[in-house]
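The values are calculated or read from the model by the stated rules, or taken from the named source; none is laboratory data. Not measured: the values here are computed from a predicted model. Heads up, the Cβs are rebuilt from the backbone with ideal geometry, glycines too, and the neighbour counts pull from every protein chain shown. Heads up: the accessible areas ignore ligands, DNA and RNA and are worked out on the full protein's heavy atoms, side chains in. Shrake-Rupley method; radii C 1.70, N 1.55, O 1.52, S 1.80 Å.
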Amino acid sequence: MRAEHAVPVDPERNVRFSANLGFLWRELELPDAIRAAAAAGFSAVECHWPYDTPRSAIRAALDETGLPMLSLNTRPGDLAVGEFGLCALPGRAAEARAAIDQSIAWASALGVPQIHAMAGCARGPEAEAALAATLAYACLEAAPYGIGILIEPINPHDVPGYALASTAEAVAMIERVAAPNLRLIFDCYHVQRAEGDVSVRLRALMPLIGHVQVASVPDRGPPDHGELDYGHVFGLLERLGHATPVGAEYRPDGPTGDSLGWMARFAASAG
């Protein structure tokens with residue numbers, strides 16, 4: 001990230017964080033992971049694929065803790081053969097729409113305001129057309145429930161061949177679909193790995209951003225080391241008016257609870 005100027009950590013800063021339960025407390029069943037996130041001081045949760053857990057159990061944990069669930073993902077397809085989403089795969093429109101329908105049903109039942117529509121690994125004009133068509137369907141179907149659709153550029157080092165490999169590609173897709181409930185996941189880790197200039201891109205893209213996620217670069221650990229100065233990033237997000245909890249989507253090196261020291265620094269007054 002090109003530094004503008006150092007932003008000191010403000011002890012009165014009210015930065016709030018969402019625990020990404022696809023990465024944190026993975027050893028726990030999803031309802032217990034929600035409870036662990038609440039006990040650790042997170043203000044929200046988000047998840048990847050909740051579909052193998054009874055919805056009633058997830059709803060009970062959310063009600064018990066009072067945490068909102070900010071987002072969930074559409075089914076990724078067959079991870080074992082390298083699929084990482086269905087929306088951009090030519091010839092898979094029926095499966096992609098079924099995944100959208102399923103995610104809307106779950107999000108509406110759980111009070112989740114946004115769905116990440118996973119694009120998948122496919123490139124080229126046919127993939128772009130497939131993705132645009134599926135996203136248009138998703139936005140239309142989700143709108144009556146007040147649900148937003150998110151897309152995420154994923155860096156080619158981690159997921160080679162992903163349909164959206166840069167913020168420019170994601171913005172072009174948002175403009176192509178032209179649906180008011182289609183927005184961008186700005187994952188600082190992916191943006192830094194693929195493009196750099198995180199501060200510049202945050203400023204330029206904030207009107208299109210629906211969710212922000214963080215992790216250290218390049219190891220994708222807790223956001224307290226590495227190439228990005230998250231004291232600066234969080235200060236910038238505040239100045240830009242981003243008020244929703246920031247997603248902690250990082251890989252703990254050991255038990256999740258042992259990795260949370262960064263929260264005391266960056267979220268001293270969060271709640």
For Arg265 and Leu240, what does the FRET efficiency come to when R0 = 22 Å and r is the distance between their Cβ atoms, rounded to the nearest 0.05? 0.60
Compute the separation of the alpha-carbon centres of the stretch 72-141 and the stretch 145-185 and state it in Å as a whole number. 11
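Note the direction-averaged projected area, equal to a quarter of the hull surface, for the Cα convex hull of the stretch 119-210, in nm².
Seen from a random direction, the Cα hull of the stretch 119-210 projects 5.5 nm² on average.
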Going 7 Å from the Cα of Leu208 in the Cα-to-Cβ direction, what parts of the stretch 142-169 have a backbone nitrogen less than 19 Å from that spot? 148-156, 162-169
Where both partners of a DSSP beta bridge lie in the chain, what percent of those bridges are antiparallel, to the nearest 5? 10
What nm distance separates the two modelled labels at Asp63 and Arg251, each placed 7 Å from Cα along Cα→Cβ? 3.8
Indicate, rounded to the nearest 5 percent, the antiparallel portion of the DSSP beta bridges found entirely in the stretch 1-144. 10
Want the number for Glu95 to Glu27: 0.36 nm per residue separation, take away the alpha-carbon distance, what's left? 21.6 nm
For Gly247, which sequence-distant residues (separation of 5 or more, or a different chain) have an amide H within less than 5 Å of its own amide H, given hydrogens modelled in the peptide plane? Ser18, Val212, Gln213, Val214
Is it possible to state the helix-based mean residue ellipticity at 222 nm for the chain, with each DSSP H run of 4+ residues giving -39500 (n - 2.57), the sum divided by total residues, to the nearest 500 deg cm²/dmol? What is it? -11000 deg cm²/dmol
Under the span-like rule (Cα at least 18 Å along the axis, Kyte-Doolittle mean at least -0.5), DSSP H helices of the chain: 93-110, 125-142
Which shape class, rounded, prolate or oblate, goes with the stretch 1-147 when its Cα gyration tensor gives a ≥ b ≥ c as root eigenvalues, a/c under 1.5 marks rounded, and past that a/b bigger than b/c marks prolate? oblate
Give the share of C-alpha pairs in each 5 angstrom bin for the stretch 32-114, from 0 to the last occupied bin, in whole percents, shortest bins first. 3, 14, 24, 21, 15, 11, 8, 3, 1
Answer check: the chain, Cα atoms, Kirkwood Rh, Rg/Rh ratio of 0.94
For the charge dipole of the chain, defined by +1 on Lys and Arg C-beta atoms and -1 on Asp and Glu C-beta atoms about the Cα centroid, which residue among Tyr250, Gly146, Pro90 has the Cα displaced farthest towards the positive pole? Gly146
How long, wide and thick is the stretch 130-271, going by the Cα atoms along their three principal axes, in whole angstroms, largest first? 43, 34, 30
Inter-probe distance in nm under a simple model that places probes 7 Å from Cα toward Cβ, at Ser108 and Ala133: 2.4
Which value, in debye to the nearest 20, gives the size of the charge dipole of the stretch 27-112 about its Cα centre, when Lys and Arg are +1 and Asp and Glu are -1 at the Cβ? 260
If ligands, DNA and RNA are left out, what is the accessible area of Ser108 with a 1.4 Å probe, given in Å² to the nearest 10? 50
